[in-house]
Amino acid sequence: MQPNLQTLQATIHCPYKSWQISKEALVGEDNAPELPSNPTTDAKISIAAWYIFHPDLIPTESVKKVISKYEEKAQTLLSKTESIINGTEPPSFYKISHCAECQFKNSCYQKLKERDCISLLAGMTPKVVAKYHSKGIRTITQLAHLFRPRRRSRMIHTTGRFYYELKALAIRDQKTFILQSPDIANTPTLIFIDFEGIPDQDFYYLLGGIIVTGGEIKEQFSFWSEDKEQTINNFSKLFTLLSQYPDTPIYHYGSYESKAFKDTVKKTGGKFKEEWASLEKRMVNLLAYFRTHVYPPTYSNGLKEIAGFLGFKWTDVNADGYTSISWHKQWEETGLQFWKDKLLEYNHDDCKALHVVHQWFCQLAEGADQENVQHVTKMKRHSPYHLHSNEEFGEDYEYISKASYFNYQRDKIYWRNGVKKQSPKSKSLSRKPKRTSKGLMVWQPKKIHEVIVAPPLAKCLDCGENKLRQGVKLSKVIQTDLKFTRTGVKQHVIEYQTGYADCLSCGSRNNNRNLRMMHYGDNLFAFAVNCYVNYRMSNEMISRLIQEEFGIWIAPTYLVMNKYRWWDKRWQPEAEYVKEIVLKSPVIHIDETQIKLSGESGYVWVFATTHSVFYHYSQFRSANFVAELLTGYEGVVISDFFPGYE
């Protein structure tokens, strides 16, 4: 199919609309277009693109100027339209402002609801949608999980940004959430106004409203204008009418009515300046409360959707702002009273819908408990990690949770009595051991839990001969470690014993080479590294923790000097082995994150499979090492589209 003016114009607003027009053969006759009297920029670009596609047709002088001015944009629009209408798959689409006037709005709306698309939320601009998509948030249900109630001292306020997460939570749970009860005055007399007009022409042809006394409509007024001159007279009548109720608040929905008053004051040269100054103080915009105070379970905060949620029904269910413009155009062309009556009826329904919304706000302001209404200040932040009731985890978890503090009083609190002075368990362990003599370890365990005697050497470690003369004297090394059992973790001291042997062939002495080990065991260093890496504990704090919990003294300086050396000797082969397993996996997931070490920024790269993972640290985010690391790799790499991977 060839692009025409309809598909070109549709592509500017919504590529999916252009695709639907081309596939459903909804294109009419495509004659040479002419510039309208007051063309928009979009209209100029689409007409320029049409003439570029038809070079054999000679445009008018005015069109030639448009083509020369917008040639680059028109070429881009033409190529984009051709790729859309000739494609087999539809382009992605979201709810935008153009949807209100599109002929496909009903079908698209149903598809977006099936997708639970976040663009259904009013105010979701393409920029905001793209921001959430970059975080993996594409549905309203996913967005609802982002809202977290804060502490009372840090409670979110009614001023500031609109909380899309709270709006999504209201839709998911079908509840109305209240940040703060609306301060609505329920006076005996209330005035509700609603204007109808044509925004492009600044023409307000209908000024309508109702006056409610004692909860019932006592008076209804409608000022109809056939031209702009009559509009000024109708505003004068409206000012006179409203001045009869000097202390009565005037409720409206949105900024359209306030803008109409200001435009009228400006057009008349300040004729109604004093009337508007006193009237402006009484104007109350009910729509503002849906941004700052109340979050109902509706996709938008439009009057029709809000009042419909509260049970109000319009006489014409299909009526809306765009329909009213169409009705007024029909009235201008035919002059039939039928179209005028429909507009008056629609305006009157809008005023009654305002009254319904006002009454609902009054109920919320009273603060009484209502079904499906939740105050955000009363929401509790749930976490399964707190030591409170978590019935969903079962009775066994409840028992364990209650027993979490059984030993706290025994270890941390003591009572003095006349029989014996008790002390906390950790008091006797808080003192640093005294150095006995130079060259000896400060920590000397008092009890040996296990003795391991190494067998005699079978051959010389230097020349390999088996002619050895075994010595009688034994050497020993004491190593302090932790022992992990089914019931807990405890101190475990091992004494290693071995002899020596002289080689009769080469004369070398094989003396205690198998005892050249560290004074602290692998389990103790593993515990220290776990505290250091996972919980970011300082070496000083790790030393105090090990002394208090296990009765083992290990100097913080010793930890600083030896934990990295222990890592290189003990776990470097295992780390290389894990790295080899990951690189042989058919699928690798790769991601990177920024961290800070000693005040300097760096990046940690994660290479993971379904069963193994290894980390790589680099000072910069450059992915050059990834190419070297994956040289010869024939599997699948899954990433987050960081350009460095490509």
request  = Among the trypsin sites (Lys or Arg not before Pro) in the stretch 244-349, which ones are in a DSSP loop with at most 14 other Cβ atoms within 10 Å of the Cβ? Mind listing them?
outcome  = Lys281, Lys313
request  = Calculate, in whole percent, how much of the Cα-Cα pair population of the stretch 160-283 lies beyond 18 Å.
outcome  = 60 percent
Accessible area of the chain divided out per residue, in Å², using a probe of 1.4 angstrom = 62 Å²
ask   = Once the Cα atoms of helix 256-267 and of the chain are each reduced to a long axis, what angle between those two axes, in degrees from 0 to 90 to the nearest 10, is obtained?
value = 50 degrees
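What is the percent carbon and sulfur in the accessible area of the stretch 538-646, measuring with a 1.4 Å probe over the protein chains and ignoring ligands?
56 percent
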inquiry  = Set the bar at 22 Å for Cα to Cα. Now go through Lys218/Lys352; Lys281/Lys378; Lys167/Lys304 and name every pair that lies beyond it.
reply    = Lys281/Lys378
query = Are there chymotrypsin sites (Phe, Trp or Tyr not before Pro) in the stretch 518-601 that DSSP marks as loop and that have at most 11 other Cβ atoms within 10 Å, and which are they?
reply = Tyr535
query = Which trypsin sites (Lys or Arg not before Pro) from the stretch 443-534 combine a DSSP loop assignment with at most 16 other Cβ atoms within 10 Å?
reply = Lys446, Lys447, Lys459, Lys467, Lys473, Arg486, Arg516
message = For the stretch 258-351, what does the relative contact order come out to in percent, with C-alpha contacts under 8 Å and a separation of six or more?
response = 17 percent
query = In whole percent, what relative contact order does the stretch 529-646 give with Cα contacts below 8 Å and a gap of six or more residues?
reply = 19 percent
note = Taking a straight Cα-to-Cα line shorter than 19 Å from Lys73, and setting aside same-chain lysines fewer than 8 residues away, one finds Lys44, Lys64, Lys65
ask   = Of the accessible area of the stretch 39-104, with the probe set at 1.4 angstrom, what percent is carbon plus sulfur?
value = 54 percent
ask   = What accessible surface, in Å², does a 1.4 Å probe find on Val442, ignoring ligands, DNA and RNA and rounding to the nearest 10?
value = 40 Å²
inquiry  = Probe radius 1.4 Å, ligands and nucleic acids ignored: give me the carbon and sulfur share of the accessible area of the stretch 303-367 as a rounded percent.
reply    = 51 percent
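If you average 1/r over every pair of different alpha-carbon atoms in the stretch 460-559 and take one over that average, what Kirkwood value in Å do you get?
16.1 Å
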key: Partner lysines for Lys467 [C-alpha distance under 22 Å; skip if fewer than 8 residues away on the same chain]   = Lys459
query = Hey, got the Cα dimensions of the stretch 470-620 along the principal axes, in Å, largest first?
reply = 59, 43, 36
Relative contact order of the chain, defined on C-alpha pairs under 8 angstrom at six or more residues apart (%) = 7 percent
note = Here the Kirkwood hydrodynamic radius of the stretch 574-637, Cα-based and in Å, equals 12.5 Å
note = Answer check: the chain, Cα atoms, Kirkwood Rh, Rg/Rh ratio of 1.17
ask   = Between the helical axis of 164-173 and the dominant principal axis of the chain, each derived from Cα atoms, what acute angle in degrees is found, rounded to the nearest 10?
value = 90 degrees
query = For the stretch 204-341, what log10 I(q)/I(0) values come out of the Debye formula at q = 0.09, 0.12, 0.13, 0.17 1/Å, with one point per alpha carbon and no solvent?
reply = -0.33, -0.61, -0.72, -1.21
ask   = Which lysines, on any chain, are close to Lys579 with Cα under 22 Å apart, when same-chain ones fewer than 8 places away are left out?
value = Lys563, Lys569
ask   = Roughly what % antiparallel, to the nearest 5, for the DSSP beta bridges in the chain?
value = 75 percent
task = Note the angle between two axes, namely the Cα long axis of helix 105-115 and the longest principal axis of the Cα atoms of the chain, as a number of degrees from 0 to 90, rounded to the nearest 10.
result = 20 degrees
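The values are calculated or read from the model by the stated rules, or taken from the named source; none is laboratory data. As the structure is a computational prediction, the values presented were derived from the model and not from experiment. Counting neighbours? That spans all protein chains shown, and the Cβs are built from the backbone with ideal geometry, glycine included. Areas reflect the complete protein model, heavy atoms only, side chains present, ligands, DNA and RNA absent. Shrake-Rupley method; radii C 1.70, N 1.55, O 1.52, S 1.80 Å.
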